[in-house]
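The values are calculated or read from the model by the stated rules, or taken from the named source; none is laboratory data. Computed from a predicted structure; not experimentally measured. With ideal geometry, Cβ positions are generated from the backbone for all residues, glycine too; neighbour counts draw on all protein chains shown. Heavy atoms of the whole protein, side chains included, go into the accessibility calculation; ligands, DNA and RNA do not. Shrake-Rupley method; radii C 1.70, N 1.55, O 1.52, S 1.80 Å.
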Amino acid sequence: MKKQYASYQQTLTFLEKSMAENPHLIQLRRIGETWEHRPIVLVTISLDVEYADHKPALLYTGTVHAREWIGNELAIKFIDYVINNYRFNPKLKQALTRNTLYMVPCLNPDGFEYSRNHFSFWRKNRRKNHDGSYGVDLNRNFPVRFKHNSDTSLNTYAGPAAFSEPESCAIRDFVLAHKNITLALDYHSQGNVFFPAHKFNHETELDGTDLNILCANMNREIFKVTGRKYGIHRGKPPANLIHGSGREYYYSLGILAVVVEVGSRNIPDYLINMSQSVDENIPAVLHALTEAISYSELAPKRPEQFSIVDVDSTSTELSWHYDHNLEVNFEIYRSQQLKSACCDETLLAITRGLSFNDVQLKSGQNYYYNIRAVDRVNNLKSPFSPELKVKTQLARDDFSRALFPTNQEVGYVSQYNTEKNREHFGHNSLFVGVNKRRGICYGVIVFDLNNIPDDAIIKLANFSLYPMNRVNAKVESFGEWSVSLLDFNDVNDITCFEQINKALPMQTLGQAVTSEQLTQGIWSEWRFNITERLLLKKAIKSGQILLRVEGPRALPLGADSQVMQFDIGYGKFGAGIHYRPNLHLIYSRTPQEIKLSPTALNTITIDKLVENKLRSGFDKQGEIIYGQMAFTLESLPAADRTVITNAYLIMRNMSALSTQKDIRFTIELAELKDIDFKSVKEREKKEFIGYEVSNQQLQEKKTHHFIFDSYCRQNLEILHKENQPCYLIIRATASSTEYDEFVSWCGEDDKHLPELVIEYIERRKNPIKAATNLSTMLENGMTKLMWDNPSDADFVGNVVVRNRFHPPKSPIDGVKLYGGPDNFTYDNFANANVEKYYSVFSYDDVPNYSEPISIYFAAKDGLPAIEQEYESQAESEDID
Ligand SMILES: [Zn+2]
C-alpha cells in the first residue's frame, strides 16, 4: 500500500480485499449509512471469526472527528499487521483466539471526506442544519450529560437531540446488540494522552484502577517503540467534563472506555509523524485486545478489601479477601510512580495466600500496590483491586518536609510584554518554553528553607511539577525541559525576565526531560544528586532556594510554539495544593556527641572482685578474668526523644599478651544482677557489641574503638528508657585455653579512663496519640468532618484522607482532603450518595503519623451530588 493517507473509498477497498483473502479472520459489515449515503462499516477480527460474537471484545472507533485522520489510518495498519503476523506471533494468535476486535476505522465518513477534499480543519459530520449550516459534533451527540446548544456554527454543536445523527445511532445499535464488548478505545488526535472515562463526580470508581493500568500498560508498549510517554489524565484537574461523548456512553453501559489522543497535529507529516503514531499504537491496541477477556464473565473475580495491615520504615504488610473459588494465584505489583504499568518489571510476587509482606523498602517514600487474581488452570486474569497507596514510616533518624512556594514566589517570566510578568505570579500556570507571542518563557520558583535546620543532612530531595493540558500546549517532538539552581546574588527581582534570563545556573538538576516524556497528568520529577544536595545544604543557611524551569529557546521553521504548561496550584486556574510545585526533602541531622566516663570499674576473677582495676585474660588455672565497667546514661536528653545514631567505647591498653596465638578481646553488653564470677560466667544473655580487637592489634597500638552494632545501639536506648545503667564486660576469647595471661587496661590509676561515646540526635520517636471524636455531618449539601485534636504538646497537624473502599491506613491511601492544625474540614467534592471511609492522622514535627482514627460514611440517598466544572486555562475544543 502506498505510504500516504487513505481515502474512505481506498479504506473500503482494502477492507473488502482483506475479508476476501482472510474469510476465517475478518468479516465486514455495514452498521449504518451517513447523511451523504456513505456506508458506515465495522470490521470484526477474530479466530475463527464466525464465533466472534461469543467472545469478549474490544471496540475500536476512529475518526469520529473528521480532521483526526489517525483513527482511520491506525485501523488500516493494524488490520494489515494482524493479517501478516497472526499465524506465527503467539501473543497475537492467543489474543485473537480468546478475544474479538470490532473496528470502525472511520465513524464519520462524510466529515472525513470533506476534511480530505475541501477543508482540512473540519471536525463535525455533514448534517444539513435547519439554518443551512452544516455539521454536528458526533462526540457531543451521545446522551450522557447531553448539552443543548443552539449555535449550529459551533465546532462542538451537539445536534438537535442525543442520537439525532445516523453515525451515533449506528454505533449505539451495534454496542447495544453486542454485550460481549468489555473495552472501548476511541482514537482521536492530538496530544499524546489517554483520557479514561469518568462518571462526573470526584469519587474514585471501583474500575478506576483498571482504566489507569490499561492506559499505563498501553503506554509501555508505546514507549518500547518510540520512547514516547503519553499522559494519563482522568477527571480533575482541570479536565473539562465533556458533554454527550461516546466514551461516557460506553462507560455508562459498563464498558471500560478510553479516548486516545495521538500525535501533536491532526494531519502531520505522514512519513515521519503519522508513521510514528501508527507504529507505536499497533502494539498498544494489541495489548488492549489481550485484556478484553479480563473484564468479561469468564475472568476470575477481582480480590476484595485490598488493604494495609501494617507499615514501618522498611516493610509493608498487605492483605486481601477472596471469597470466590480459590483456584487462583495473586499477582502483586509495586511501583514508586503513579500510573505505572503492571508488567514483568513491576511484578513483585505471585502468591496463593491472602497476605503479603513487602520488604526492603526505603524510609518515608511512597509505594503504589496493585493486585489481580489469575486462574491457575487457564491463566485468565481478573480485574485489578483499587490501587493501594502506602507511605513508609521514616527511619528512626530521618525527618521529612514537603515544601511549597508561596503564591508570590511561583510564576513565569516571558521575554515579550515584560510589564505583565509580575501578574504571572500566583494566579496563572507556568508557561515554559518559547512561542511567537510570548518569546522565551521561564518558570521561576522560590522555596523558603527557614524551617529546615542548618545542620540538616539531606538524604533525598525531589522537585516535582505537574504538567497541564498538553492538547492545548501542542508540544511537538523537539526540545527538552530542565530545572536549574540559580544564585540569589544574580537576581533581586524574580519577576524580571532579564535577570532570570541572564543568571548563570549554579547547577542543572539531574536529567533534562525530553518533549516525548513530558506528559500531562503525570508528575515530572527531578531528583537532586549529591552535588545538588550539597548546594541545597548551603542554601538552607541562606534560607531560600531559587529554581528556574526552562524549555527550548528557539523554534524551528514552521513551528510557532513549543510551550509546556505546569500547574502552580494557585488561583482560578490552579487545581489546588495537591498540584502545586513542591520540593520533598528527607533529611537527618548532624548528631550531637556525649562522652561518658565509667561509674565503676572491676576485675572479676573466680575467687575475688578487684575494684577500680580493669583487666581481662586468663588466670593460672585457665579461668577467664573479666573486666567490667558501668556507665549511666542520665546525662542524655529524655529517652523518648533521643535517637542514638552511633556509640563506641574507647579503650586504651597498658599491656598486651606475650603469646602470638590468636586471642581476641570482645565487649559484651551485659545485664548483671550481681557482679560475682558465677553470675558473670553463667549469665544467659550475651550481646557482643559486634566489634572485637585482636591481641596483635593491642601490640601494635594503644587506643581502640569498640563500635556498637545497631542491635546494641537499640539496647542502649532501652536501658536509657528504663533508667538502667549500661554494664559492659571485656573479655578475651581464644580457640584454646590459655594460662596466666592478661591485659591491663588504662583507668587503673584514674588515668585514661575508658570512654563511652554516644552520638545522638534529638527527635521524637513515637507518634502522638490519634485525634478523637471524629464525626461527619452535612452542611449545605457538603460533607463536614469534625474531630478533637490530640492534646500533646508536640501536635503539629492532621492529615484527612478519603477512601471509597476501606478505611485509609496510610496518610496517602486515598484522596487527601486536608493537612493542617484545624479540627474540621469540608469534603468539597464528595458525593454524599456514595458510601466511603475517612481517616484522620495526627502528626508531630518529624513527622511521625499517629494511628488513624477512621469513620464510615453511609450513603445518603437522594442528595444531589456536588459537581464542579473546571474552567481550563484556554479551553481547547480539540479535547476529544
Ligand atoms: Zn477528537
* To do: Consider just the alpha-carbon atoms of segment 1-75 and return their Rg together with their Dmax, both in angstrom.
  => 13.1, 36
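What percentage of the solvent-accessible surface of segment 372-429, computed with a 1.4 Å probe over protein heavy atoms, is contributed by carbon and sulfur atoms?
Details: 1080 of 2500 Å².
That fraction is 43 percent.
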* Inter-probe distance in nm under a simple model that places probes 7 Å from Cα toward Cβ, at residue 620 and residue 305 -> 7.4
* Å³ per residue enclosed by the Cα convex hull of segment 700-837 -> 222
* Convex hull volume of segment 102-220 per residue (C-alpha atoms, cubic angstrom) -> 140
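Measuring with a 1.4 Å probe in the full set of protein chains, what accessible area per residue, in whole Å², belongs to the chain?
Details: 36540 Å² over 880 residues.
Value returned for the chain: 42 Å² of accessible area per residue.
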* Asked: Among the lysines, which have Cα under 22 Å from the Cα of residue 769 when same-chain residues fewer than 8 positions away are ignored?
  -> 391, 721, 809, 816
* Asked: Hey, what did segment 653-754 get for relative contact order, percent, Cα under 8 Å, at least 6 apart?
  -> 42
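Counting only protein heavy atoms, what percent of the accessible surface of segment 1-116 is carbon or sulfur at a 1.4 Å probe? Can you show the working numbers first?
Values: 2300 of 4490 Å².
Taking all protein chains in place, segment 1-116 shows 51 percent carbon and sulfur surface.
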* Amide proton proximity set for residue 60, modelled H, under 5 Å, gap of 5+ -> 102, 103, 104, 185
* Can you pull the semi-axes for segment 766-822, root of five times each eigenvalue of the Cα gyration tensor, sorted largest first, whole Å? -> 20, 15, 10
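Just flag the trypsin sites (Lys or Arg not before Pro) in segment 145-213 sitting in loop per DSSP whose Cβ has no more than 12 other Cβ atoms within 10 Å. Write down the numbers at each step before the final one.
Numbers: sites: 145, 147, 172, 179, 199; in loops: 145, 147, 179, 199.
When the trypsin sites (Lys or Arg not before Pro) of segment 145-213 are filtered for loop state and at most 12 Cβ neighbours within 10 Å, 147 remain.
Rounded to the nearest angstrom and ordered from largest down, what semi-axes does the equivalent ellipsoid of segment 431-551 get from its C-alpha gyration tensor (root of 5λ)?
On the way: eigenvalues 138, 62, 26 Å².
Result for segment 431-551: semi-axes of 26, 18, 11 Å.
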* Structure fact -> The extension gain from residue 121 to residue 782, computed as 0.36 nm times the residue separation minus the Cα-Cα distance, is 233.6 nm
* Between residue 702 and residue 599, what is the label-to-label distance in nm when each label sits 7 Å out along the Cα-to-Cβ direction? -> 3.0
* Report, in cubic angstrom per residue, the convex hull volume of the C-alpha atoms of segment 507-548. => 87
* Along principal axes, Cα extents of the chain, largest first, whole Å -> 114, 69, 56
* To do: Pop a pseudo-label 7 angstrom from the Cα along the beta-carbon direction at both residue 822 and residue 360 and give the gap in nm to one decimal.
  => 4.4
* Asked: For segment 153-209, what is one quarter of the convex hull surface built on the Cα atoms, given in nm²?
  -> 6.3
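Can you work out the FRET efficiency for the pair residue 30 and residue 512, with r the C-beta to C-beta distance and R0 = 56 Å, to the nearest 0.05?
Details: r = 51 Å, r/R0 = 0.91.
Result of the calculation: an efficiency of 0.65.
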* Asked: How many percent of the alpha carbon pairs in segment 177-272 exceed a separation of 20 Å?
  -> 38
* Take residue 336, project a point 7 Å from its Cα along the Cβ direction, then tell me which residues of segment 358-375 have their backbone nitrogen under 19 Å from it. => 358-370
* May I ask you to compute the full-extension gain from residue 688 to residue 451, defined as 0.36 nm times their residue separation minus their alpha-carbon distance, rounded to one decimal in nm? => 81.3 nm
* Asked: Alpha carbon centre of segment 566-645 versus segment 740-777: separation in Å?
  -> 4
* What Rg and what Dmax come out for segment 227-347 when only alpha-carbon atoms are used, in angstroms? -> 18.9, 54
* **Förster-model FRET efficiency, 25 Å R0, residue 415 and residue 478, C-beta, rounded to 0.05** => 0.85
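Would segment 287-425 count as rounded, prolate or oblate if I go by the C-alpha gyration tensor, calling it rounded below 1.5 in a/c and otherwise prolate when a/b exceeds b/c, oblate otherwise? Write down the numbers at each step before the final one.
Details: a/c = 3.62, a/b = 1.77, b/c = 2.05.
Oblate.
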* Average the reciprocal distances over every distinct pair of alpha-carbons in segment 512-639, invert the result, and give the Kirkwood radius in Å. => 22.3
* **Residues of segment 679-701 with amide N under 16 Å of the 7 Å Cα→Cβ point at residue 662** => 692-698
* What FRET efficiency comes out for the pair residue 492/residue 553, r = Cβ-Cβ distance, R0 = 30 Å, nearest 0.05? -> 0.80
* Give the Rg (one decimal place) followed by the Dmax (whole number) of segment 647-769, computed from C-alpha coordinates and expressed in Å. => 16.4, 59
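Test of understanding: express the Cα radius of gyration of segment 678-748 as a ratio to 2.2 N^0.38 Å, with N the residue count.
1.31
Please report the carbon-and-sulfur percent of the accessible area for segment 648-759; probe 1.4 Å, protein heavy atoms only, DNA, RNA and ligands left out.
Values: 2660 of 5950 Å².
Using a 1.4 Å probe with all protein chains present, segment 648-759 comes out at 45 percent carbon and sulfur.
Going by average Cβ density within 10 Å per residue, which order do the peptides 424-430, 309-315 take, highest to lowest? Don't skip to the answer; put the middle values down first.
Values: 424-430: 21.4, 309-315: 14.3.
Those peptides, ordered most packed to least, come out 424-430, 309-315.
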* **Convex hull (Cα only) mean projected area of segment 568-672, reported in nm² to one decimal** => 12.7
* To do: Please label the shape of segment 347-476 as rounded, prolate or oblate, based on the square roots a ≥ b ≥ c of the eigenvalues of the alpha-carbon gyration tensor (a/c under 1.5 means rounded; beyond that, a/b larger than b/c means prolate, else oblate).
  => oblate
* **Whole-angstrom Cα spans of segment 10-133 along principal axes, big to small** => 53, 24, 23
